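For reference, the structure is listed below as structure tokens.
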Amino acid sequence: MFGLTGYDILGWVVFGGVGMIACAWGKLKDRWQPWVLGVALMVYPYFIPGGLFLWGVGVVLSTLAFVAKR
């Protein structure tokens, strides 16, 4: 239909979930860095075509969100 594979959809779900957790944690702790990275994790899959680039950006943003937590 749109050229989406199961791995693309899995990436959307995984990184969207990580983004929701980072966003909620950032809001709870009143820290803007994890909140912004969480929003970015939830939004970026809509603008990335998919494949390895989708997973690469997601891993980088997730790592930054984890580092920003500390």
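Please verify whether PHE47 is within 14 Å of the chain's Cα centre (by Cα), among the aromatic types (Phe, Trp, Tyr) and open to solvent by less than 100 Å² (accessible area, probe 1.4 Å), treating the condition exactly as stated. Break it down into steps so the answer makes sense when it comes.
Details: within 14 Å of the chain's Cα centre (by Cα): yes; among the aromatic types (Phe, Trp, Tyr): yes; open to solvent by less than 100 Å² (accessible area, probe 1.4 Å): no.
Taking the combined requirement at face value, the residue does not satisfy it.
For the stretch 22-44, enumerate the residues that are out of contact with any Lys or Arg (no Cβ under 9 Å at 6 or more places or on another chain) and either farther than 19 Å from THR63 by Cβ or surrounded by 14 or more Cβ atoms within 10 Å (Cβ to Cβ) (or both). Talk me through it step by step, then tell me what you get.
We begin by selecting, within the stretch 22-44, every residue out of contact with any Lys or Arg (no Cβ under 9 Å at 6 or more places or on another chain); these are 23-24, 27-28, 30, 32, 36-37, 39-44.
Of everything in the stretch 22-44, those that are out of contact with any Lys or Arg (no Cβ under 9 Å at 6 or more places or on another chain) and either farther than 19 Å from THR63 by Cβ or surrounded by 14 or more Cβ atoms within 10 Å (Cβ to Cβ) (or both) turn out to be CYS23, LYS27, LEU28, ASP30, VAL36, LEU37, VAL39, ALA40, LEU41, MET42, TYR44.
Please enumerate the residues belonging to the stretch 38-54 that are in a helix (DSSP H, G or I) and over 13 Å from GLY16 (Cβ atoms).
Matches in the stretch 38-54: LEU52, PHE53.
Of all residues in the stretch 53-67 being among the hydrophobic types (A, V, I, L, M, F, W, C) and in contact with a Phe, Trp or Tyr (Cβ under 9 Å, 6 or more places away or on another chain), which is surrounded by the fewest Cβ atoms within 10 Å (Cβ to Cβ)?
Step one: of the stretch 53-67, the residues among the hydrophobic types (A, V, I, L, M, F, W, C) are 53-55, 57, 59-61, 64-67.
Still in the running and in contact with a Phe, Trp or Tyr (Cβ under 9 Å, 6 or more places away or on another chain): 54-55, 57, 59, 61, 65.
On the way: LEU54: 19, TRP55: 17, VAL57: 18, VAL59: 13, LEU61: 19, ALA65: 24.
In this case the residue turns out to be VAL59.
The values are calculated or read from the model by the stated rules, or taken from the named source; none is laboratory data. Everything numeric here is computed off the predicted structure, so don't read it as measured data. Counting neighbours? That spans all protein chains shown, and the Cβs are built from the backbone with ideal geometry, glycine included. Remember, those area values only see protein heavy atoms, side chains included, never the ligands or the DNA or RNA. Shrake-Rupley method; radii C 1.70, N 1.55, O 1.52, S 1.80 Å.
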